[in-house]
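Let me begin by presenting the structure, written as C-alpha cells, before commenting on it.
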Amino acid sequence: MPLPIENYALIGDLHTGCLVGTDGSIDWLCLPRFDSASTFGALLGDHDAGRWLIAPSDAAATATRSYLDDTFVLVTRWRTPTGVVEVTDLMPFGDRRADVVRRVTGISGTVPMRVDLAIRFGYGSAMPWVRQVVEADGTALVATAGPDAVVVRGPRLTATDHTHEAGFDVSAGDVVDLTLTWYPSHRTPPTPIDVDARIAETTAWWRDWAARCTAPPAYEREVRRSLLILRALTNEDTGGIVAAATTSLPEQFGGSRNWDYRYVWLRDASMTLQALILHGYAEEAERWRGWLLRAIAGDPADVQIMYGLAGERYLHESEIDGLPGYGGASPVRVGNGAYRQYQGDIFGEVMIALHEARLLGVDENEYSWPLQRALLQYVDDNRSRPDSGIWEIRGEVRHFTHSRVMIWAALDRGIKGVEQFGLDGPVDRWRALRDEVRADIEDHGWNAELGTFTQHYDTTEVDASLLQLAQVGFVEADDPRMLGTVAAIERDLLHDGLLLRYRTESGVDGLEGTENPFLTCSFWLVEQYAASGRLDDAVVLMDRLVGYCNDVGMLSEEIEVATGRHVGNTPQALSHLALVRAADAIALARSTRAS
C-alpha cells in the first residue's frame, strides 16, 4: 500500500521527477517526462504497479531525511541496532539522460540492506522482458517492454515472482551505488555514469540556482523551498511548468475527484512567471514567456487553458483500469478533458503576468505584443461568453464573477501597456470595453442585499476565487464591498479555520462527493488579511499553513483538517505559488506598518 501523501519527497532532473517515500521506496516515476507513462506506479496501486525499495532489512529501522542544502539531493539516514547508513537519492541532469542515482553510504557499524525492484511500464500494464547483461564492471539488469527500456546497475539482482531482489551489508566507510537509466528500447543501453561527478555537478547547480533567490526575511525558508519546487516542476528545454508531478491523487480519500495535473496550465504558469521575476529569476521568466508564445501562437480562438510540456494540444482524458487508485480512489485518469473548456479568466492571468514582466524589465519582442493584441481582440469578441471558471467546473457554464473580473483585468493591462510603455493599440476601444465589463460585474456579480460579490451571476453562493478581486486591482483590499465579500467567505467556506474553494453541496460543479480545504485559497486569505490591515490574523493563519509543509517543505493541493494529512496531487505548484505571494504580502504589510 502507498504511504500517506505527505510521506513522499520529490527528486527530479528538470524533465521528470519521482516520489521517494520515508520507507525508502520510489513509488512514482514517469520516464522520460512528467507526463509519460509510469515506470513505478505503486502510488496508485501496490507493489505490482512498480516500485524500487532500498532500505535496511530490519523492519524496525528508523529514518530521518532532508534535502542537501538548497537542492533536490535527498539524504535519508537510517538507524538500526547494528549501525547507521545514509541513502542519497537524486536525478542528475545536464547530459540529456534520464538517470536515478541511489547511493548507500555506511556511517557506523554494519547494516544489512535489501533491494526490492518491480519494473512495470505503461502505468503498470506492461510486464517487461528482463535479462542480465555482463558489463566490464559487473552485471547489469536490462528491462524492456514496447518503446521503453531501463538498465539497472549495482548489486546483482535475483528474480523472485516477477520482482528482483538483492541483499548486501554496508559497513562504516562503504559506498554502494545503484543506478537506473531509461532509454528508448530500440537503442543500446547507455554507458554507466560517473556517480561522484554527477552528484557534485547536480548539487552545485541547485546551490547556484538557489543563491540567486531573493526572499522576504519572514518565511524565508518556506519561500526558498517553494521557488525550488517551482523550478523542479519546470521543463529545462521548453520552459513549461507542470501543475503537479502526479495524476489522480484524490481530492477526497476514496472518492472520484481524481485528475491528471502533469500539464501546463496557463493560469499556474502565469502566476509562476510573476513569482520568479519578483524573486530574482528573470531568465526563467523569459524562457516561460517563450513557451507561452509558442503554445498559443496562431488563432486566439484556439487558445487552450492547458497544454503539454512542449505545448502539445491534444490531452485526451482516459481511465486506466489496471490501477486501483490511491487507497482505492478511482478512477485513475490520464490526460485532462478540461483542456477543451473555455475559461475566460486565463486571458487576465496571462495579460497580468506579461504586464508584470514589462514592469520588471523583461522587454517585449517582435512577437509578444502583437500576440497580446490578438488575445485582447479575442477577449473583445467573447467578453459576454459564459465559461467553466477557474475551478474547471464540469457542470453548466455560467457567468462566473471571477472570470468576468479577469476579463476586466486583461483589458486593464492592455491599456496600461499603451499608457505606461507607449505600445500601440486601440486604447479607446479597450477603455470602453473595460468600463462595460466593470458595469456588468457590478450589476450582476454584486449582491447589495447580502453585501458580497457572488460566485456567479445566478446565485447567492460565494467562492474563494473572489479573494483575487483585490489582488488584480478590481477593488481595493479595504473596500467595503471586498470586506463584505471576505466576511461571507469566512462565514460560508471556512472549515476548521481553512478555506474550501466553494460549497460542493450547491451542485455547481456537477460532480459527486466533496473535497477538503484548498491550500491556495487559504493562502489567498492570508494575502487579503495582510493587505486590508488584519496583519495579526494574516500571521496566525500563515503560521498554521506553513506548518502543513511536510518534513522536506512540500505541499499538496488540499489538507484534511482533522488529521493534517495531505490530499490531492503533489507537490502542487499553485499551493507553493500562493505561499510565496502570502509571504510577500506579510512582508509588505510589516514594512508599511513600520513606516
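Taken together, Val362, Val379 contain a single residue that is of a type in the set (Val, Ile, Thr) and either modelled with pLDDT of 90 or more or surrounded by fewer than 16 Cβ atoms within 10 Å (Cβ to Cβ) (or both), which is Val379. Among the residues of the range 309-329, are any in contact with a strand residue (DSSP E or B) (Cβ under 7 Å, 6 or more places away or on another chain), under 11 Å from Thr238 (Cα atoms) and part of a loop (DSSP other than H, G, I, E, B)? Yes, there is a match, as at least one residue in the range 309-329 is in contact with a strand residue (DSSP E or B) (Cβ under 7 Å, 6 or more places away or on another chain), under 11 Å from Thr238 (Cα atoms) and part of a loop (DSSP other than H, G, I, E, B).
Please verify whether the range 490-505 includes one or more residues that are modelled with pLDDT under 95 and in a helix (DSSP H, G or I). Yes, that holds for at least one residue.
Suppose we filter the range 128-145 for residues that are surrounded by 16 or more Cβ atoms within 10 Å (Cβ to Cβ) and either outside any strand (DSSP E or B) or in contact (Cβ under 8 Å) with a residue 40 or more places away in the chain (or both); how many remain?
Number satisfying all stated conditions: 5.
The condition of being in contact (Cβ under 8 Å) with a residue 12 or more places away in the chain, at positive phi and within 15 Å of the chain's Cα centre (by Cα) holds for only one of Gly510, Gly564, Gly553, that being Gly553.
None of Arg565, Arg534 is assigned by TED's automatic domain parsing to the domain that holds Ala470, under 23 Å from Leu469 (Cβ atoms) and of a type in the set (D, E, K, R) except Arg534.
Mind checking which residues of the range 1-25 are over 22 Å from Glu251 (Cα atoms) and among the aliphatic types (A, V, I, L, M)? Ile11, Leu14, listed by residue number. Residues that are more than 31 Å from the chain's Cα centre (by Cα) and touching a residue at least 60 places away in the same chain (Cβ under 8 Å) were ranked within the range 169-210; the one that is farthest from Val134 (Cα to Cα) is Ala172.
Looking only at the range 146-155, residues that are surrounded by 14 or more Cβ atoms within 10 Å (Cβ to Cβ), in a loop (DSSP other than H, G, I, E, B) and either touching a Ser or Thr at 6+ places or on another chain (Cβ under 8 Å) or among the basic types (Lys, Arg) (or both) come to 1 in all. Taken over the range 53-72, the criterion of being buried (at least 18 other Cβ atoms within 10 Å of the Cβ), under 14 Å from Arg114 (Cβ atoms) and out of contact with any Ser or Thr (no Cβ under 7 Å at 6 or more places or on another chain) is satisfied by Ile54, Ala55. Restricting to the range 138-193, name every residue that is closer than 22 Å to Glu86 by Cα, in contact with a helix residue (DSSP H, G or I) (Cβ under 9 Å, 6 or more places away or on another chain) and hydroxyl-bearing (Ser, Thr, Tyr). Result: Thr179, single match.
The set of residues in the range 160-174 that are part of a strand (DSSP E or B), exposed (fewer than 13 other Cβ atoms within 10 Å of the Cβ) and not hydroxyl-bearing (Ser, Thr, Tyr) contains only Gly167. For the range 206-237, what are the residues that are surrounded by 18 or more Cβ atoms within 10 Å (Cβ to Cβ) and β-branched (Val, Ile, Thr)? Val223, Ile229, Thr234 - these are the residues of the range 206-237 that are surrounded by 18 or more Cβ atoms within 10 Å (Cβ to Cβ) and β-branched (Val, Ile, Thr). Being surrounded by fewer than 21 Cβ atoms within 10 Å (Cβ to Cβ) and among the β-branched types (Val, Ile, Thr) holds for only one residue in Val20, Val75, Val87, and it is Val75.
Kindly evaluate Thr203 against the criterion of being within 30 Å of Val561 (Cα to Cα), touching a Ser or Thr at 6+ places or on another chain (Cβ under 8 Å), buried (at least 17 other Cβ atoms within 10 Å of the Cβ) and among the hydroxyl-bearing types (Ser, Thr, Tyr). Answer is no for this residue. State yes or no: is Val475 surrounded by 23 or more Cβ atoms within 10 Å (Cβ to Cβ) and assigned by TED's automatic domain parsing to the domain that holds Ala353? No.
The values are calculated or read from the model by the stated rules, or taken from the named source; none is laboratory data. All of these numbers come straight from a predicted model, not from anything done at the bench. A quick note on method: Cβ atoms are made from the backbone with ideal geometry, for glycine too, and the neighbour counts reach across all protein chains shown.
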